[in-house]
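*Asks:* Take a look at this one; I'll ask things after.
The values are calculated or read from the model by the stated rules, or taken from the named source; none is laboratory data. What you see is a predicted model, and the numbers here were worked out from it, not measured in a lab. Cβ sites come from the backbone with ideal geometry, for glycine too, and all protein chains shown count toward neighbours. Areas reflect the complete protein model, heavy atoms only, side chains present, ligands, DNA and RNA absent. Shrake-Rupley method; radii C 1.70, N 1.55, O 1.52, S 1.80 Å.
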Amino acid sequence: MTQEGDESVIRRDRFSGGPARSFLSSLEADKRIFEADLAVDRAHVVMLAECDIIEDAVAGEILTALDAIEVEGHAALPEGEDVHEAIETAVIEQIGPDGGKMHTARSRNDEVATCIRYRLREDVFEALEATLTLREALCAVAAEGAETVMPGYTHLQPAQPITVAHWACSYESAVRRDTARLLEAYARINQSPLGGAAFAGTTFPIDRERTAELLGFESVIENSMDASSSRDFLLETTQALSTLATTLSGLAEDVIIFANRGFVSLSDDYSSTSSIMPQKKNPDTLELVRAVAGDAAAGVQGLTTTLKGLPRAYNRDLQRATPHAWETVDAVSEATRVAAGAVATADWNEDVLAAEAGAGFSTATGVADLLAANGLPFRTAHELVASAAERGAERANGETVSHAAERGADYDALEAAAGEVLGEGLEAYVDPDAVEAALSPAESVASRDSLGGPAPDTVAESLESARAELAADEETVAAVGADLEVAHEVLRAEVSGYV
Ligand code: ARG
C-alpha cells in the first residue's frame, strides 16, 4: 500500500539533489526537535505494533536503532532534507529495508507538527517557570517595601507618592496575566496532530488516541487537515510571549529611570561598565530586557506574515514559520529570568526615595481631596491648590522653577491661595493639622486606602492574594512539568517492552 502525501521518500534522489538542496533543508534548524522526533517515532512505532500494522520484531529493531541514533546525536545523522528524513535514513542504514516501515501511516507533515508541539511544550514550561520566578521576586520587593514611600509618576512627571510595594505589585499583577496567557496557549499546544498523515488521514487502522497518550498530549486534533496544516498555536504562543516581553520592557524602563535618579542601585551582576569611562555603572541588562520586546514583536510579525493566506493543506512555508517561535521563546524566557534576577538583587535607596516622594508637590491631589471632603467643591479645591502650586513654582526672588520636581507648596502657600480664591482663610474649611498631614507623603499614601490603592494595609492585602495566586500557579506549572516527566516515563516503559 502506498502512502498519501509525503512523496519525498520516493522522490528523494530525484528532487533533492539540486542547487536548492541547502535552501530546502531544515536539518540544521531541526536540531531543536531532534529529541522530539525520536519520541514521536517511538510512539508511532509502538502504536503501529500494537495495532498489528507492523510486526513486534520489526518494531523492536526500529526502536533499538532509534536508541542508538539518540546516543550518537543529531550531528551524526546522515544527510537528509530534514531531521525526519535523516533519522529514517539512519534507521534503514542500521537495520535494512524494514526500517522503512517506520513511516507507515504517517507523513512528515503530521510528524513535524507533532515534534514542534512536543518541543514547544517544554519551552513554554520554562517560560512559565520564569514568569513565576519574576513574580516571586516582585512579591519579595513588595514585602520589603510596604512602607517605603516613593514618587509615583504620570507622563514621567512627579504625580502622587506611592510605595515601592505598590509599584512592585502593579508589575506582579501584569506578569500574573502573562502567566495565565501562557497557560492558555499551553493547553492548545498540548494536542496531538499525529496520525493526520499528509492531511487526508490514512487507510491503516491507526490509533491516534494512543500516540497522543504515549506522547503525553491531552487530546487529539481531530480533523486531519487541521492537524497537519495549522500553526495558530505558534502564533498564539508567540503573541503571549510578546505581551510578556512588553510588560518586561516597561518594568525594565522603570528600573532604568529609578537607577538614573538614585532610587535604586542595581547589583554589579546586572550592570556593566564602560570601556572608556571608568566611573560608569550602566543598567545594560535591563536595557537588553527592554529591547527583547522588539525581538518578540518581530517573531509575531514574522509568523503572521508567513502564515497569512496559506492555503490548505501543508505548504513548505511552514518550515520557515517555526524558527520565529523558537527565537521568541528563547529570548523572552531569558529576558524574564534576567529581569527577575535584577529585581531580586537591586537595593532600594530609602533615603533618596523618601526625600523625593513629595517632590513636585506630589501631595497636591491629597490636599485638594481633603478640602473637597470638607465641603469645598472639588473644582474649587483644585483651583486653590493649583494656585498654591504656582506660588510654589516661584522662588522668593520671583524666578520660576522650571524643573517640576523642584516645585513644592507648603501651608503658607495654601493659605495665601485660599485668601485669593476663597477670600478667607483655610481654617474656615479645614483643620490646619489635617492640611499639614495631607502635605506629608507618608500620610498621603496611608490615606489612599481604596481597593488596590497604595496604603500599606491595602497593599498588604493585595500582596496576600498575589501570593495565594502565585502559589496556585506554581502548583499548576509544577503539574505541567510532572506531566511532561510522566510522558517520558510512559514512553520509555512501552519502548522497553520491545528492545
Ligand atoms: N521539514 C518540514 C517542515 O519543517 C517538514 C517536512 C514536510 N515536507 C514536505 N515536503 N511535505 O515543515
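*Asks:* Taking all protein chains in place and a 1.4 Å probe, what share, in percent, of the accessible surface of region 138-230 do carbon and sulfur account for?
*Replies:* The value for region 138-230 is 50 percent carbon and sulfur by accessible area.
*Asks:* Note the full-extension length gain between Lys281 and Ala200 as 0.36 nm times their separation in residues minus their Cα-Cα distance, in nm to one decimal.
*Replies:* Answer, rounded to one decimal: 23.1 nm.
*Asks:* Between Arg312 and Glu475, with labels modelled 7 Å along Cα→Cβ, what's the label distance in nm to one decimal, could you check?
*Replies:* Calculated label separation equals 4.1 nm.
*Asks:* Once amide H atoms are built 1.01 Å from N in the peptide plane, which residues 5 or more positions from Ala198, or in another chain, come under 5 Å H to H?
*Replies:* Here the answer is Asp6, Ser107, since their amide H atoms fall under 5 Å of that of Ala198.
*Asks:* Related question: At what distance in angstrom do the alpha carbon centres of region 46-81 and region 320-356 lie from each other?
*Replies:* Region 46-81 and region 320-356 have Cα centres spaced 42 Å from each other.
*Asks:* Report the gain in length on full extension from Thr246 to Asp232: 0.36 nm times residue separation, minus Cα-Cα distance, nm rounded to one decimal.
*Replies:* On the way: separation 14, 0.36 × 14 = 5.04 nm, distance 2.07 nm.
So the chain would gain 3.0 nm between Thr246 and Asp232.
*Asks:* Measure off, as a whole percent, the carbon and sulfur share of the 1.4 Å-probe accessible area of region 431-495, all protein chains present.
*Replies:* Answer for region 431-495: carbon and sulfur cover 53 percent of the accessible area.
*Asks:* Hey, another quick one. Report, in cubic angstrom per residue, the convex hull volume of the C-alpha atoms of the chain. Let's see the in-between values first.
*Replies:* Numbers: hull volume 95.9 nm³, N = 499.
So the per-residue hull volume is 192 Å³.
*Asks:* Fully extended, how many nm does the chain gain between Ala76 and Ala493 (0.36 nm per residue separation, minus their Cα-Cα distance)? List each step's numbers first, then the result.
*Replies:* Numbers: separation 417, 0.36 × 417 = 150.12 nm, distance 2.59 nm.
Gain in length upon complete extension: 147.5 nm.
*Asks:* Right, something else. Please enumerate, by chain and number, the lysines with C-alpha under 28 Å from the C-alpha of Lys101, excluding those fewer than 8 residues away in the same chain.
*Replies:* Cα-Cα hits under 28 Å: Lys31.
*Asks:* Additional query: Label-point separation (nm) for Arg467 and Asp449, each offset 7 Å from Cα along Cα-to-Cβ?
*Replies:* A separation of 2.0 nm, rounded to one decimal place.
*Asks:* Taking the Cα centre of each part, how many Å lie between region 21-42 and region 134-164?
*Replies:* 47 Å
*Asks:* Let me ask something else about it. Starting from the amide H of Gly152, placed 1.01 Å from N in the peptide plane, find each other amide H under 5 Å away whose residue is 5 or more places distant or on another chain.
*Replies:* For Gly152, whose amide H was placed from the backbone, the distant partners under 5 Å are Ala159, Gln160, Ile162.
*Asks:* A further question on this structure: Give me the accessible area per residue for the chain, probe 1.4 Å, as a whole number in Å². Mind showing how you got there, number by number?
*Replies:* Numbers: 22670 Å² over 499 residues.
Per-residue value: 45 Å².
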